[in-house]
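The values are calculated or read from the model by the stated rules, or taken from the named source; none is laboratory data. These numbers come from a predicted model, not from an experiment. Every residue, glycine among them, receives a Cβ derived from its backbone with ideal geometry; neighbour counts consider all protein chains shown. Quick note on the areas: whole protein, heavy atoms, side chains included, nothing else; ligands and nucleic acids left out. Shrake-Rupley method; radii C 1.70, N 1.55, O 1.52, S 1.80 Å.
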Amino acid sequence: GINAEYGSDASGSIDYAHAECPEAACDAAELQSCEACTDEACNWCDTTRTCTHLPGQCPDAYTAVGQCEDLAARCLAHADCGACADDARCVWCERTIGADVCSSGEDDLGTVCPGIFDGVAVAKRAECPDVIADDIAAREARCAKIASCSECAADPECVYCDRAVGNDACSAGVDGEAKECDGVLFDSDGITDAAQCPDVLECAAVEQKCGQCVDAGCTWCGESCVPRNVPCGADDPVVDIESCRVNENCGEYGNCATCTLQEGCIFCISLTGDGVCENGTDGKALACSNGLDRKRVHCSQCADAVSYTHLTLPTIA
């Protein structure tokens, strides 16, 4: 093999083709740009952006400085940070004093700003100040269109902020961080957990039955009542009273308390004192059939171990 230091093989004879450009030298980190590479008599492979000591490794290798692209001019042509960061050969260099600029970087490596800059080097588009500002503005505009707390809090980029005076609002948060509300504009730290939202709490406070849930403007989600805009895991979320599930077994419950605790069932008592457990008008537990002759009995009016015939005729419809 080749001795990198002396350019000789095991027999001691000189391999002049490699002695002038040892592999270790061409692989050096500081030579991984065209001008630096060719200046050391190495071969620059522009397709892979690597410096090599063997011409055969890259048929179209640059071997002279004059063949290299003027990266400084190429990068300087990028007027903003985003365009600069999109170019793998360039780096955006910020100054504390003076205009920021797109540079080919130290040794044309496109990674570190030259020493003439005293600010921050930006190599990724997402880190660009103008891109960050645009992203925050876009997120703020999107969050502001969300009306409900539950939908807002469910979005990882938004936070629901309330005011003591004025309308509550969905916001992108402080500096685009959806963790807390702007203390100047809002009166709270914000809500990022949908379970703490007023609309969720209101639906959770409704009697957890289909009819009562949708009547309150919520969605019946199989076993729970949630706001209309909250995703429902149930196969058939119900948002209108006509779609509430009918309990076809209501007639089997002869006891008042047992009946009123069943989903979709109501206990009805007539003017003559007879009672029956039924599905209600059109099979929906809203009103007793033959409404003029029967009155709905609510659970609080039932008495276990007491026959419905002993109930006092209720006055509620």
Once all protein chains are kept in place, residue 298 shows an accessible area at probe 1.4 Å, nearest 10 Å², of 70
Debye calc, one equal point scatterer per Cα of the stretch 49-175, no solvent, log10 I(q)/I(0) at q = 0.11, 0.19 1/Å comes to -0.59, -0.97
In what order, largest first, do 192, 260 sit by accessible area if the probe radius is 1.4 Å? 192, 260
Sorting check: for 195-201, 220-226, which peptide has the highest mean count of neighbouring beta carbons within 10 Å, and how do the rest follow? 220-226, 195-201
Please report, in Å, the Rg and the Dmax of the stretch 77-139, where both are computed over Cα atoms only. 11.4, 38
Note: residue 207 to residue 63 extended length (0.36 nm per residue) minus current alpha-carbon separation gives 43.7 nm
Taking N as the residue count of the stretch 27-122, its alpha carbon Rg divided by 2.2 N^0.38 Å gives 1.14
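Report the local net charge at residue 269: Lys and Arg +1, Asp and Glu -1, summed over other residues whose C-beta lies under 9 Å from its C-beta.
+2
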What is the spin-label model distance, in nm, from residue 147 to residue 193 if the labels are put 7 Å beyond Cα along the C-beta direction? 2.7
Order 108, 215, most accessible first, counting only protein heavy atoms with a 1.4 angstrom probe. 215, 108
Please list 267, 117 in order of solvent-accessible area, largest first, computed with a 1.4 Å probe with all protein chains present. 117, 267
Full-stretch length increase - residue 261, residue 116 - with 0.36 nm per residue and alpha-carbon distance subtracted: 44.3 nm
